[in-house]
Structure formats: structure tokens, C-alpha cells
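> Below is one structure. I have some questions about it.
The values are calculated or read from the model by the stated rules, or taken from the named source; none is laboratory data. Bear in mind the structure is a predicted one, so any value in this text is a computation, not a measurement. Every residue, glycine among them, receives a Cβ derived from its backbone with ideal geometry; neighbour counts consider all protein chains shown. Just so you know, the surface numbers come from the protein's heavy atoms only, side chains and all, with ligands and any DNA or RNA stripped out. Shrake-Rupley method; radii C 1.70, N 1.55, O 1.52, S 1.80 Å.
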Amino acid sequence: MPQDRELFPERFVPAPAPAPDRVREAAHDPSGHRARLRKRLLSGSDDALADHEVIEALLMTVIPRMDVKPLARMLLQRFGSLPGVFNADPRALQSVPGIKEAAAAALRIAGVAARRLARAQIQQMPVLSSWQALIDYLTIDMAHLNHERVRVLYLNTQNRLLLDQIVSDGTLDESAIYTREIIAKALAIGAAALILVHNHPSGSPQPSRADIQITHKIIEAARLLGVSVHDHVIIGREGHTSLRAQGLL
């Protein structure tokens, strides 16, 4: 045997020891579920994981010694959807048993990243020619809020985004819109046009009489000062409504 080892040393090369991280993971994941989930995530399409598995995969990175599948399902049930989880207030997230600061931060950063990626899409080209990208961005940011938010998109003469400004975060079902402040901001930054946006926490994006009235008021004030109002978009969990598309402008 010693002679064989000397003649054929390659036969006796010891197998490499498992990486410490893999040893620790195997100890806490004897069924291999985490490894299989990670493999599907890395090798599959965007739809390879169900919504609860997306949350689970994220929680795995900050909660290493616990089965986080029940926690992922609890979060979905509590906040209603994947966007609802990622857009949830950190304090609300931490009110869920098992979610501490690190987990809340991980979930929060997923929402921040999604919004920034979507916003980058609308900053690269004229807004009116990338309408679906704009709707996607607004939906990610506003559709699952439980209060009303008003924002104004200020555009230059090429309809590129100059400023995306949240002008009001309101209560459950109302938020103030101040015409003078909106027009003053447009003049201050040299905007040629603007798009009004707000959400309906109820879920339905259908405009109210008040929505239509305030839109006409802003259109008239802006027109006198040479600023165009391209649209007023209402975002809800059930979709979106363009007042221009509805013939209401």
C-alpha cells in the first residue's frame, strides 16, 4: 500500500473539506430546503418562486437558524401581497412576531430597490413615450399604501422628468392638494409640463367628482402661466385610471 501511494499519489488526494458555511447550513437545514430554494432562485426565471418563497428567500439571509416559511406566509397574509410586504412601514413589519430590525431592514431594502429600478426606467427617456414604465413605477410606489399620497411629476420641454415630488401624504382617504404650491414649484424649476398623480387606498382607481374638479382648477391655473397639465393619474390596487384617457381633461 505505501508503494501504491508513492506510485499513484493522485489516487490518494483527500477530498476537500466542506466549506464552513455549508456545514453550518446543513446543520440547520437537514432537509436541504434552503439549498433547493436558492438553486431555483439562481437558475430559474423571475417566476421560479412563488410570492411567499420570494419573501422566504430574503428572510433566509438574515434569519439563518429558523424555518422562515411560516413567517413568510404570515407576512403575506398580514400585508396582502408581495408589494404590500415590501412597501410596509418598518414599524408595522416589526409588529409581526419573529420580525426584528434586521429582517424589517431586509424587507424594506427590497422595496427601495424595486422603486429605484422602476424610477430609473422613466428617467432614461421621455415620460410620455415610456408610459407603461411610468405606470409600473407609480404602481410599485403607491398602489398598496393605506393612506392617500399626492405627487407631481414635473417635466421639461422634451417631456423628460425634472422632478418627482411627493407634495402630500394624507389620511386614509384624503390628501390636500395646494394649487398655488404646485404651480409655484413648476415655475421655480422651469418645468414646461406636469402630471398629477394620487392613489386611492380603497383600491378602486375611479376618479371622484372632487378629483375632477381639482384637476380642472390646476389646469386653468397652469395654463395662465404657460405650464401644461398632461394628465392626472389615479393609482389603486385594482389598476389605474388616466383622466385624459377617460376624456375628463
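> Tell me which of these D173 doesn't satisfy, since it passes every other one: (1) in contact with a Ser or Thr (Cβ under 9 Å, 6 or more places away or on another chain); (2) at pLDDT 95 or above; (3) of a type outside the set (A, V, I, L, M).
The one condition D173 does not meet is (2).
> Select from segment 106-143 the residues that are of a type in the set (S, T, Y) and open to solvent by 30 Å² or more (accessible area, probe 1.4 Å) and write down the one among them that is farthest from I63 (Cα to Cα).
S129
> Keeping to segment 75-93, report how many residues are surrounded by fewer than 17 Cβ atoms within 10 Å (Cβ to Cβ) and either over 13 Å from the mean Cα position of the chain (by Cα) or not in a loop (DSSP other than H, G, I, E, B) (or both).
So in segment 75-93, the residues surrounded by fewer than 17 Cβ atoms within 10 Å (Cβ to Cβ) come out as 77-78, 80-81, 89-92.
Add one more test, that the residue is either over 13 Å from the mean Cα position of the chain (by Cα) or not in a loop (DSSP other than H, G, I, E, B) (or both), and what stays is 77-78, 80, 90-92.
The qualifying residues number 6.
> I need a count of the residues in segment 176-186 that are open to solvent by 40 Å² or more (accessible area, probe 1.4 Å) and either over 16 Å from K217 (Cβ atoms) or at pLDDT 90 or above (or both).
Residues that pass the stated criteria total 4.
> Sort out which residues of segment 144-170 are of a type outside the set (D, E), open to solvent by less than 80 Å² (accessible area, probe 1.4 Å) and assigned to a loop (DSSP other than H, G, I, E, B), and write them in order of number.
Matches in segment 144-170: H144, L145, H147, N156, N159, G170.
> Next up: Here's a check for you: in segment 94-113, which residue that is farther than 21 Å from R34 by Cα and assigned to a loop (DSSP other than H, G, I, E, B) is farthest from the chain's Cα centre (by Cα)?
The qualifying residue farthest from the chain's Cα centre (by Cα) is P97.
> Against the definition (modelled with pLDDT of 90 or more and either touching a His at 6+ places or on another chain (Cβ under 6 Å) or surrounded by 13 or more Cβ atoms within 10 Å (Cβ to Cβ) (or both)), how does H52 come out, yes or no?
Values: modelled with pLDDT of 90 or more: yes; either touching a His at 6+ places or on another chain (Cβ under 6 Å) or surrounded by 13 or more Cβ atoms within 10 Å (Cβ to Cβ) (or both): yes.
Judged against the criteria, H52 is a match.
> Only one of I195, I189 is over 18 Å from R115 (Cα atoms) and surrounded by fewer than 20 Cβ atoms within 10 Å (Cβ to Cβ). Can you tell me which? If you could, list the steps in order and put the result at the bottom.
Working: I195 fails: surrounded by fewer than 20 Cβ atoms within 10 Å (Cβ to Cβ).
One residue alone meets the criteria, I189.
> Now for a different question. Restricting to segment 172-203, name every residue that is under 21 Å from the mean Cα position of the chain (by Cα) and in a strand (DSSP E or B). Show your work before the answer.
To start, the set of residues in segment 172-203 that are under 21 Å from the mean Cα position of the chain (by Cα) comprises 172, 195-203.
Those that are under 21 Å from the mean Cα position of the chain (by Cα) and in a strand (DSSP E or B): I195, L196, V197, H198, N199.
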